[in-house]
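I have placed the structure first, in the form of structure tokens, so that the comments after it can refer back to it.
The values are calculated or read from the model by the stated rules, or taken from the named source; none is laboratory data. Keep in mind that this is a model prediction, so the values were computed, not measured. Don't worry about glycine lacking a Cβ; one is built from the backbone with ideal geometry, like all the others, and counts go over all protein chains shown. Calculation scope for accessible area: heavy atoms of the full protein, side chains included, ligands and nucleic acids excluded. Shrake-Rupley method; radii C 1.70, N 1.55, O 1.52, S 1.80 Å.
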Amino acid sequence: MKFLTGLPAIGFIVLVFIFGCQGEEACLSNQNAVQAGLYSAWSDEDKDSTLQNVSLVGINRIDSIYRDQSLSEFFMPLDFESDTSTFVVGVSATMKDTLSIVYRKELDFISRDCGYIFTFDIDTILYSNAFIDSVAIAYPIVKYGESAENIKLFIY
Amino acid sequence: MGNQPKILSFLFTSLFLFPGFLKSQDSEKGIKANLEEQVQGITLGINLEGPVSRFFDSDKSAFSAVTHINLSPGWFFRGEAGFENLVFSEDNEEKRNYSYESNGSFLKAGMLYDFFSVDERGNNDNIFVGLNYGFAFQEHRAGGYTIKNGYWEDFHGSESTYAVNTHWLEVMVGPRTELFNNLYMGWTINLRVKILQNNSEELSPYSVPGFGNGDNTVNVGFSYVIEYMIPWKK
């Protein structure tokens, strides 16, 4: 009686087990948005501020990203087809500012399950001054899997 | 007292897994004689890993041929050559937002040591442990991909065909048994470690032929080989 004669069946079970255990990666969505935090322009230190009735819409777009919401931070998705994304942010029908984000983008292959994505490097922010006092770039990279505040909006 | 069943269980398991533990001097001589009488020859066989993996991933077609050459008592050369083609199905394209095609082939070569010792004339079974070097060459492309935006327009692009080379080392362990005269069946569990890959920045291979998941640096694989031996020395 040979010691190893019964092993083909065990081998087949291991084979099925190994192939059966290969899972798929969960892919993240909305990884192309600039994260903006709101701060009071009157404080010497960075102090979170909340705005009421905030509306945010991309220029030449009909759909709003936010509509009449109370926010202390918000997300602005960047346009893949352009190197500048412009948004209108408002707190009332008459109090509105325009915010233009100028950036460089690079195509990246993330993984076999999640495919391609763009990584952005924020270069400049242009803005009007209805209620925005100033803007600072805190972390210029918008990258898949990272969650960091990219810009600080100092408001009156 | 309470540990006795555990000790007996351990001894029984040890005897089963490592039958060489309790060898007499006579059995040592018998094992040595059996090793020296071991049939030397070259085997030709197929690895069923590729065909079986098709049941789990119908996008992939793979096949490989394997050879073992008994160089000296206890030492074997192992060689393997094969190919792998992969085309995403429509379901996979939709799920991953890109289409993908890859055609490639691979070579593996290495040495195996047989540490199975048994005092039984004519027993040609083995338990191998070994190290292989693997190399794969493949051409792949993403015929089209979409990056979803969620607010602005989605982006559509494509990546043209280009070649990728991958090198890896593979540690393998597993048994082989002689089912019938000169017909062998064996399986191994393989730990594969990628050591070098060029040209994968723009598009990482979904699967590297002979290596597996292209995203991973370390893969666990398996081989299930049926082979026939052509003896040259008895």
Estimated buried accessible area (total), pair B and A, 1.4 Å, Å² to nearest 100 = 3900 Å²
Return the carbon/sulfur percentage of the accessible area of the stretch A:35-155, one whole number, probe 1.4 Å, all protein chains in place.
-> 45 percent
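Determine the per residue accessible area of the stretch A:35-155 with all protein chains present and a 1.4 angstrom probe, expressed in square angstrom.
With all protein chains present, the stretch A:35-155 gives 49 Å² per residue.
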Which links in A:K143/B:K95; B:K108/B:K148; A:K105/B:K60; A:K152/B:K148; A:K96/B:K148; A:K105/A:K152 stretch past 31 Å when you go from one Cα to the other?
-> B:K108/B:K148; A:K105/B:K60
Measure off 7 Å from each Cα along the Cα-to-Cβ vector at B:R141 and A:D48, then give the distance between these two points in nanometres to one decimal.
-> 5.1 nm
Ignoring everything but the protein chains, give the 1.4 Å probe accessible area of B:T217 in square angstrom, nearest 10.
-> 80 Å²
Per-pair calculated FRET efficiency, R0 = 25 Å: B:D91 and A:I141 via Cβ, rounded to 0.05 = 0.15
Charge sum, other residues only, whose C-beta stays under 11 Å from B:R176's C-beta, Lys/Arg counted +1 and Asp/Glu -1 | -3
